[in-house]
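Values quoted throughout were computed directly from the atomic coordinates according to the rules given, and no laboratory measurement underlies them. Just so you know, these numbers come straight off a predicted model, no measurement behind them. Backbone-built Cβ (ideal geometry, glycine too); neighbour counts: all protein chains shown.
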Amino acid sequence: MALSSITLSSFRCFNSLKIDLSPRANFFYGKNGSGKTSILEAIYLVCSGRSFKSSNIESAVMLDKESFHLKAYDNESGFIIEAYKERSKSIQLKLNNKKITISEAAKTFPATIIDNKTFSFTEAAPAFRRKILDRAVFLSDESYSANWFAYFRALKQRNKLLKDRQLASLEPWSEKLASLGETLTDKRKIFFDQTKNEFSNIIKSLNLKAEKIFINDIDVQYDQGWCNSQDLISTLTLERDTDIRRKVTTRGPHKADIKIYIKNVDAKEILSRGEQKLLAIIWLCSQHEVLRSIYGIKPTLLIDDVKSELDIDTFNIYISLLKLIENQVIFSNIEDQINSKIEAELINIKKFHVEQLS
Ligand SMILES: Nc1ncnc2c1ncn2[C@@H]1O[C@H](COP(=O)(O)OP(=O)(O)OP(=O)(O)O)[C@@H](O)[C@H]1O
Ligand SMILES: [Mg+2]
């Protein structure tokens, strides 16, 4: 779903602001401190109940104010979504005036953020890449969330037994964990394979110049978290002594990762910052395309500070990518990099000079 407009009240530096958005590309530009990240944060927050900038949502309440209120509309469905936060109270989310949970909001108005943290995609810990995949599978598969929570509850229980040395009860929990873990992995693998396929389609259609040829050599592999040639129960049985010694379940989908190689070398050893950033953007756009074309889900894609670390050639690749993405995209940059030629190429792009908004 695309947001048609959003109003921000007492949110960070904005006392009161209404923005009408395009269903396709939206570009916010302005100086340091003008409010670009805050606008993207507000859009992400109203869609997900979470901030990508800070774990303490209270910090987003305007200084000297008691609460913030965000209200967004989708003209196509007629849906109104709101986020209200009073200092020292938990955040409240509403859909059409009825209270909803964070996960209901995320399913109704899915959004993905690409910011500085995402740009170190290849360097980040495996948990970061797992989370990116999990969030997409959570949207594409109705039963994934229940399966995910059941797996992690069983893992917690098995780890407790290992820690407390209650080894007599270990086997039934290993079996339960293995069965939930296999299902979880099947679901992740389906989505991963679809993304990988889309990733190579996108790369082909980008017509990259020779200097960006590294992208053609990228090989993305799903590491399920235990040996590929074994089922999970066999691994848990084989690793039983190791797990007892270490007092923790050492193998399983909680150790899964997305491995990125260039000619068999770990990509983080090879790629420059700008190349990593481009890779992260293409990978996340591939996930978005899968969600749209296979599952009929249209998450909004938010990209903060797009141009930092991208040279002009790489930025042009990004623009070509935007032409391929049919979802709503909201991105920001310090300078106005969108000239009239790009504007003519991108249908329905809206440009906002942030300093002139409030
Ligand atoms: N709770 C708050 N109340 C009032 N102002 C705030 C609050 N939180 C942040 N600010 C201010 O809001 C302004 C906008 O910050 P924001 O991070 O959105 O800027 P930006 O345009 O993304 O800048 P940059 O280009 O440096 O990334 C900053 O001046 C910041 O100090
Ligand atoms: Mg910023």
| Dipole size in debye (nearest 20) for the chain around its Cα centre, Lys and Arg Cβ +1, Asp and Glu Cβ -1? | 1020
| query | Which lysines, on any chain, are close to Lys65 with Cα under 30 Å apart, when same-chain ones fewer than 8 places away are left out? | reply | Lys18, Lys31, Lys36, Lys53, Lys85, Lys89, Lys94, Lys98, Lys99, Lys117, Lys351
| remark: For the chain, averaging the sequence separation of alpha carbon pairs under 8 Å that lie six or more residues apart and dividing by its residue count, the contact order in percent is 27
| field | Calculated FRET value between Ser200 and Lys131, using beta carbons and R₀ = 22 Å, to 0.05 | value | 0.40
| If one takes the longest principal axis of the Cα atoms in the chain, at what angle in degrees, from 0 to 90 and to the nearest 10, does the Cα axis of helix 36-48 lie? | 50
| query | Taking the Cα centre of segment 205-334 as origin and charging only Cβ (+1 Lys, Arg; -1 Asp, Glu), how large is the dipole, in debye to the nearest 20? | reply | 280
| said: Just to confirm the number: angle between the C-alpha axis of helix 312-324 and the first principal axis of the chain, 0 to 90 degrees, nearest 10? | reply: 80
| request: Please determine, in degrees from 0 to 90 and to the nearest 10, the orientation of helix 126-140 with respect to the longest principal axis defined by the Cα atoms of the chain, where the helix direction is its Cα long axis. | output: 70
| query | Label-point separation (nm) for Lys263 and Ala150, each offset 7 Å from Cα along Cα-to-Cβ? | reply | 4.7
| said: Between Leu95 and Ser169, what is 0.36 nm times their sequence separation minus the Cα-Cα distance? Round to one decimal in nm. | reply: 22.2 nm
| field | Environment charge at Ile270 (Cβ cut-off 10 Å; Lys +1, Arg +1, Asp -1, Glu -1) | value | -2
| task | Report the residue, chosen from Thr122, Thr300, Thr242, that carries the largest GNM mean-square fluctuation when the chain is represented by alpha-carbon nodes joined by springs under 10 Å. | result | Thr242
| Which of the GluC sites (Glu not before Pro) found in segment 140-196 are loop residues per DSSP with 15 or fewer other Cβ atoms within 10 Å of their Cβ? | Glu142
| Signed unit charges on C-beta, dipole axis of the chain, positive-most listed residue Ser308, Leu284, Val61 | Val61
| query | What size of dipole, in debye to the nearest 20, comes out for segment 126-267 about its Cα centre when the only charges are +1 on Lys and Arg C-beta atoms and -1 on Asp and Glu C-beta atoms? | reply | 560
| query | For a label point 7 angstrom out from the Cα of Gln356 toward its Cβ, which stretches of segment 14-41 have the backbone nitrogen within less than 18 Å? | reply | 17-22, 26-32, 34-36
| note | Taking the alpha-carbon centre of each part, the distance from segment 224-243 to segment 44-114 in Å is 41
| remark: Placing each pseudo-label 7 Å from Cα in the direction of the beta carbon, Ile347 and Asn116 end up separated by a distance in nanometres of 3.7
| query | Which stretch or stretches of segment 142-157 have amide N atoms under 20 Å from the point lying 7 Å from Lys247's Cα along the Cα→Cβ direction? | reply | 154-157
| Theoretical gain in end-to-end length, Asn75 to Asp223 [0.36 nm per residue, Cα-Cα removed] | 49.1 nm
| query | Which of these, Ser229, Ser51, Ser77, has the largest mean-square fluctuation under a Gaussian network model of the chain (Cα springs below 10 Å)? | reply | Ser229
| said: Would the chain count as rounded, prolate or oblate if I go by the C-alpha gyration tensor, calling it rounded below 1.5 in a/c and otherwise prolate when a/b exceeds b/c, oblate otherwise? | reply: oblate
| message | Considering the Cα positions of segment 122-241, please state its Rg to one decimal place and its Dmax as a whole number of Å. | response | 18.1, 61
